[in-house]
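Comments concern the structure below.
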Amino acid sequence: MKHSETLKALASALSKAQSEMSGAKKSAKNPFFKSHYANLEEVINCIKDPFANHGLSFLQFPVSADGFAGVETTIMHESGEWVSNEFMLKCAKNDPQGMGSAITYARRYGLQSAVGLPSEDDDGNAATKRSQPAPQAKPAPQAKPAPSVPPVNTVDVTIIDHAKAGKLHT
């Protein structure tokens, strides 16, 4: 991350802007994953007015290197203070469409991350949910319940008693 020498005015303005921002609505559809996501337009709409109200603006420049593409996002304050960072992704295809896709994706997530803007829900949640067995699938056999374990003090006493009686086998 790169930044101006001071960040006091920027930090104060960004804090105020964040208090006015709502979560980005997941209004765009991803037919491949059958999910919804907050697109770049939605992210920009969420920050546009709060940024303007507090003297903030942003720039995003495409960057690429060695099969990776993305953006450098810079958040600026009217005082001249700024903060900047790159976000790059490996291109799915090494052609203009692959680079364009990575840049658009990086713009959305780079900007959203830089300003602390949440989405209504994270697409990753759907990917990490445990799937339910299909109705025709045979249920897994039930494991036998584990035997009850005596309290720790009882175990300690039992071990000590066996040791004293010479019955402890090693």
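Nothing in this text is a laboratory measurement; each read-out follows from the coordinates by a stated rule. These numbers were taken from a predicted model, which means no experiment stands behind them. Virtual Cβ from ideal backbone geometry, glycine too; neighbours counted across all protein chains shown.
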### Task
Between beta-carbons, use under 12 Å as the cut-off and find the net charge around Ser101, counting Lys and Arg +1, Asp and Glu -1.
+3
### Task
Starting with the highest mean, order 82-89, 106-113 by the number of other Cβ atoms within 10 Å, averaged over the residues of each peptide.
106-113, 82-89
### Task
Output ³J(HN,Hα) for the range 80-91: one whole-Hz value per residue in order, computed from phi by the Karplus curve 6.51 cos²θ - 1.76 cosθ + 1.60 with θ = phi - 60°, and x for Gly and Pro.
x, 6, 7, 9, 8, 7, 9, 9, 10, 10, 6, 6
### Query
For Glu78, what charge total do you get from the other residues with a beta carbon under 14 Å from its beta carbon, if Lys and Arg give +1 and Asp and Glu give -1?
+1
### Task
Report the net charge of residues surrounding Leu89, where surrounding means a beta-carbon distance below 14 angstrom and charges are Lys +1, Arg +1, Asp -1, Glu -1.
+1
